[in-house]
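Beneath this line is the structure, given in structure tokens, with notes to follow.
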Amino acid sequence: MKQIALPITVDVEQTLQNYVVGSNQAVVDHFKLFASHPNRSPVPTYIWGGSGSGKTHLLRAVVHELNTLKQPFGWLDSTHAKHKPQVFDAAWDVILMDDVEQFSPSEQQFAFNCFVNALTPTAGLQRWVVASGSLPPQDLKLREDLRTRLGWGHVFHLQTLSEQGCREVLKRHSTELGISLPVELEDYILSRFSRDLSTLIRLLKELDAFALQSKRPATIPLLKAMLDES
């Protein structure tokens, strides 16, 4: 049966604690060490992997840790940048860049400037740059000076989740949403929908809202009814 692609806007809070690790323990340990300590090393971090591998989740999880520490940060992605002036803020302790392969030439210029400023101490402060992309640094179609800076620090390849990992995503997020998810509904979702993390979480959010509206428990017939109305 043809897999169904859903929108990927995700409202569930994304943290290091609710990231399903799978084979990515090393990168999670790295972020736990770097994100939770205010006096971290300024060596940049780049993570890469396919759609739905959890790249944005991990960057937003870093934001969660920074907010806890009350540390200011800059966020750059191709959508966000179109709505804000591209000006480096010397108050930033960390700069996060999501989906760098989508950056326009002007966004690449700003990202490069961020790297230069990040490694130029201001009042003794050097800043951590965290970036994500869909390809390893050497394969990115970006300007050379930006591409090389993305690749000279810590680089991690995110591995896709196994079926058991996908089930853990469904269980963990359904619990957070207060949904009782029968095993047969898990089986149905995993056999008919894309298994990337964003799709699974978004599906649960939509099912939760539809179940509340319908005042019915989450079941296969309810999911089918939701899809028929979409």
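The values are calculated or read from the model by the stated rules, or taken from the named source; none is laboratory data. No experiment lies behind these values; they were computed from the predicted model shown. Note that each Cβ is placed from the backbone with ideal geometry, even for glycine, and that neighbours are counted across all protein chains shown.
A quick yes/no check of all residues on (1) modelled with pLDDT of 85 or more; (2) closer than 19 Å to Gly151 by Cα:
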{"position": "Ile4", "(1), (2)": "no, no"}
{"position": "Val12", "(1), (2)": "no, no"}
{"position": "Gln17", "(1), (2)": "yes, no"}
{"position": "Phe34", "(1), (2)": "yes, yes"}
{"position": "Gly49", "(1), (2)": "yes, yes"}
{"position": "Thr56", "(1), (2)": "yes, yes"}
Practice task
Could you run through segment 156-190 and say how many residues are among the aliphatic types (A, V, I, L, M), in contact with a helix residue (DSSP H, G or I) (Cβ under 8 Å, 6 or more places away or on another chain) and without any contact (Cβ under 8 Å) to a residue 40 or more places away in the chain?
Solution key: 6
Completion exercise
Exception for Phe88 within (1) buried (at least 20 other Cβ atoms within 10 Å of the Cβ); (2) more than 24 Å from His157 (Cβ to Cβ); (3) of a type in the set (Phe, Trp, Tyr) falls at (1)
Handout entry: Evaluation of Thr120 against (1) closer than 30 Å to Asp89 by Cβ; (2) outside any loop (DSSP other than H, G, I, E, B) (one fails), failing number
Key = (2)
Fill in the blank from the handout: Selection from segment 206-221 of residues closer than 19 Å to Glu176 by Cβ, assigned to a helix (DSSP H, G or I) and touching a residue at least 12 places away in the same chain (Cβ under 8 Å) yields Glu206, Leu207, Asp208, Phe210, Ala211
Practice task
Give the residue that is nearest to Asn24 (Cα to Cα), with candidates limited to residues of segment 109-162 that are exposed (fewer than 14 other Cβ atoms within 10 Å of the Cβ) and aliphatic (A, V, I, L, M).
Solution key: Val116
Problem - Any chance Asp196 is at pLDDT below 90, outside the structural domain of Leu96 (by TED's automatic domain parsing) and out of contact with any strand residue (DSSP E or B) (no Cβ under 6 Å at 6 or more places or on another chain) - result: yes
Practice task
Output yes when any residue across segment 168-182 is in a helix (DSSP H, G or I) and at pLDDT 90 or above, and no when none is.
Solution key: no
